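No lab work stands behind these numbers, since they all come straight from the coordinates. The structure presented is a predicted model; accordingly, all values stated were derived computationally and were not measured. Here the Cβ positions follow ideal geometry from the backbone for every residue, glycine too, while neighbour counts run over all protein chains shown.
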Amino acid sequence: MTEHHNTTYGNGKGEGQPVGIALLGLGTVGAEVFRLLNEYNADFTQRVGGPVEVRGVAVSDASKAREGIAPELLTEDAHALIQREDVDVVVEVIGGIDYPRELVLAALRAGKSVVTANKALVAAHADELAKAADEAGVDLYFEAAVAAAIPVVGMLRRSLAGDKIQRISGIVNGTTNFILDAMETTGASYEDALAEATRLGYAEADPTADVEGHDAASKAAILASLGFHTRVTFDDVHCEGISAITAEDIQAANQAGYSIKLLAICERLTGEDGKESVNARVHPTLVPKEHPLASVSKSFNAIFVEAEAAGSLMFYGNGAGGNPTASAVLGDVVGASRNKVHGGRAPEENTYANLPVADFGQTQTRYHIDMQVKDRTGVLAVISSVFAEQGVSLRTVRQEEGKDGARLIVVTHAATESVLDGIVRALEGLDDVHAVNSVIRLS
Ligand code: HSE
């Protein structure tokens, strides 16, 4: 049955009018977007209310033949393509920050709606981009920037727009989840698991952005901004990756009933004075095995949202890859194109709450501290006193015999990062402590 879209607001092109698309980038995601735009074209015409037509594809080398793409569509001049009068929607799937920023701003200022999959760009420059979109009265969509096919951006922008979000915690990087899962299920070292992730094509040749948590931090910034109606940028996110996680950490976590996951955590905090602030952070986290996020395996992503009225919600699926990312991009293309035909704009990002971003030192969590200590009477009392002096109580203490003394694993009750920092420094200064092997936060 044909859908009917009879409503056209003042700025719509009108039912049946074509929508011109400029595709910037033809990598894994761009190629899938192009392919699916052709494959679903008849459906898109119905969903949008007019035909969706690709006007051109900007690439770095237009002389290279691309299967299934007419050579006359290819151009190296992205700026000229954007400015064409018959282009209404610009799809940016290039990656990087500076060049795409220039192109996206040019597109918005020229009155084109923009769909981008670029998390680094949005996390660093959302204010500037949103302002340009507002001034031109066009749409800026970025569903694919967070967890690809999982519709978490739309969910925060639209579905939960009437609720108050308290916390968002998620596995938003597939590469690191694959590595941590492989370490847990096979006992592999970090290095071996990373090599396997690279061999299977999950990890890039330079895996830094994934394993050091930068990719997840961009996504955390976007989620926190949307969830708390407050601008949170990449630089506001405290970020630690997984490269220091050892097979021993994974084993110790397992024995205590936890999985280690790289979580992006965005929290609304309420101070003693009743004033609210937010924080966003990315770090390896011990997640109880019974928590839904612990069972997210391989390269899957999941986002757990706690909202006042809705309660707990979990969104799970493919967070990376050409096809899933193209699915998210195309959802946005349909939305932006529909608005071009019928007029109106998508729900905007609204940062009215403008809450302060709390200092990371004030973040409260529980900690799992793994130490190598002297195996002598009274060591436990000395170590406990370090925690007691800082007002931090211990939840569990486990001791194992090691080659060089004993291994002591302590789980604390909640303490702030700055207090914890002081405790770790004090522990490292004790004669009885050979080494603090690791400090991992609990979710
Ligand atoms: N490299 C990311 C991941 C996907 O492994 O999840 C793109 O953000």
(request) May I ask what percent, to the nearest 5, of DSSP beta bridges between residues of the chain are antiparallel? (result) 70
(request) In debye, nearest 20, what is the charge dipole magnitude of the stretch 32-115 about its Cα centre with +1 on Lys and Arg Cβ and -1 on Asp and Glu Cβ, if you could check? (result) 160
(message) To the nearest 20 Debye, how big is the dipole of the chain about its Cα centre, given +1 on the beta carbon of each Lys and Arg and -1 on that of each Asp and Glu?
(response) 860
(message) Using C-alpha positions alone, give me the convex hull volume of the chain per residue in cubic angstrom.
(response) 154
(request) Positive end of the charge dipole of the chain (Lys, Arg +1 and Asp, Glu -1 on Cβ, about the Cα centre): tell me which of Y190, H125, S295 has its Cα farthest that way. (result) S295
(message) Taking θ = phi - 60°, what integer Hz values does the Karplus form 6.51 cos²θ - 1.76 cosθ + 1.60 yield along the stretch 62-73, in sequence order, with x for Gly and Pro?
(response) 6, 7, 6, 6, 10, 4, x, 10, 4, x, 5, 7
(request) May I ask for log10 I(q)/I(0) of the stretch 91-132 at q = 0.19, 0.28, 0.31, 0.32 Å⁻¹, from a Debye sum over the Cα atoms as equal point scatterers with solvent left out? (result) -0.44, -1.02, -1.25, -1.33
(request) Would you please state the base-10 log of I(q)/I(0) at q = 0.17 1/Å for the stretch 222-325, with intensities from the Debye formula using one equal scatterer on every alpha carbon? (result) -0.99
(message) Quick check on packing: order 219-228, 202-211 by the mean number of other C-beta atoms within 10 Å, highest mean leading.
(response) 219-228, 202-211
(message) Quick check on the chain: helices-only [θ] at 222 nm, where DSSP H runs of length 4 and up contribute -39,500 (n - 2.57) each and the sum goes over total residues. Nearest 500, please.
(response) -10500 deg cm²/dmol
(message) Could you compute the net charge surrounding E128? Neighbours are other residues with a C-beta less than 12 Å from the C-beta of E128; K and R count +1, D and E count -1.
(response) 0
(message) Expected output is a single nm value to one decimal: the length gained when fully extending between N323 and V382, i.e. 0.36 nm times separation in residues minus the C-alpha distance. What is it?
(response) 15.6 nm
(message) What are the ³J(HN,Hα) couplings of the stretch 142-150, residue after residue, when phi is run through the Karplus curve with 6.51, -1.76, 1.60 and θ = phi - 60°? Round to Hz, x for glycine and proline.
(response) 8, 4, 6, 6, 10, 6, 6, 6, 7
(request) Take the Cα pairs of the stretch 287-386, get the Kirkwood Rh, then feed it into Stokes-Einstein at 4 °C and 1.567 mPa s and tell me D in µm²/s. (result) 66
(message) Give me, ordered by chain and number, the residues 5 or more places off C239 or on other chains with an amide H under 5 Å from its own placed amide H.
(response) V282
(request) Mind scanning K64/K112; K119/K261; K219/K275; K131/K275; K164/K275 and naming the pairs with a C-alpha gap bigger than 19 Å? (result) K64/K112; K119/K261; K219/K275; K131/K275
(request) Quote to one decimal, in nm, the extra length available between E428 and E128 on full extension: 0.36 nm per residue of separation minus the C-alpha distance between them. (result) 103.5 nm
(message) Could you give the length gained by full extension between A195 and N254, i.e. 0.36 nm per residue of separation minus their alpha carbon distance, to one decimal place?
(response) 19.0 nm
(request) Tell me which residues come under 5 Å, amide H to amide H, from T285 once H is placed; ignore anything under 5 positions away on its chain. (result) K261, L262, L263
(request) Would you tally the net charge around P18, using a Cβ to Cβ cut-off of less than 9 Å, leaving P18 out, and scoring K and R as +1, D and E as -1? (result) -2
(request) Go through the stretch 289-306 residue by residue and turn each phi into a ³J(HN,Hα) via Karplus (6.51, -1.76, 1.60, θ = phi - 60°); whole Hz please, and just put x for glycine and proline. (result) 4, 7, 6, x, 5, 5, 8, 7, 10, 6, 9, 6, 10, 7, 10, 10, 10, 10
(message) Just to confirm a number: summing +1 for Lys and Arg and -1 for Asp and Glu over residues other than L37 whose beta-carbon lies under 11 angstrom from that of L37, what do you get?
(response) -3
(request) Calculate I(q)/I(0) for the stretch 97-178 by the Debye formula, one identical point scatterer on each C-alpha and no solvent, and give its log10 at q = 0.19, 0.26 Å⁻¹ to two decimals. (result) -0.91, -1.27
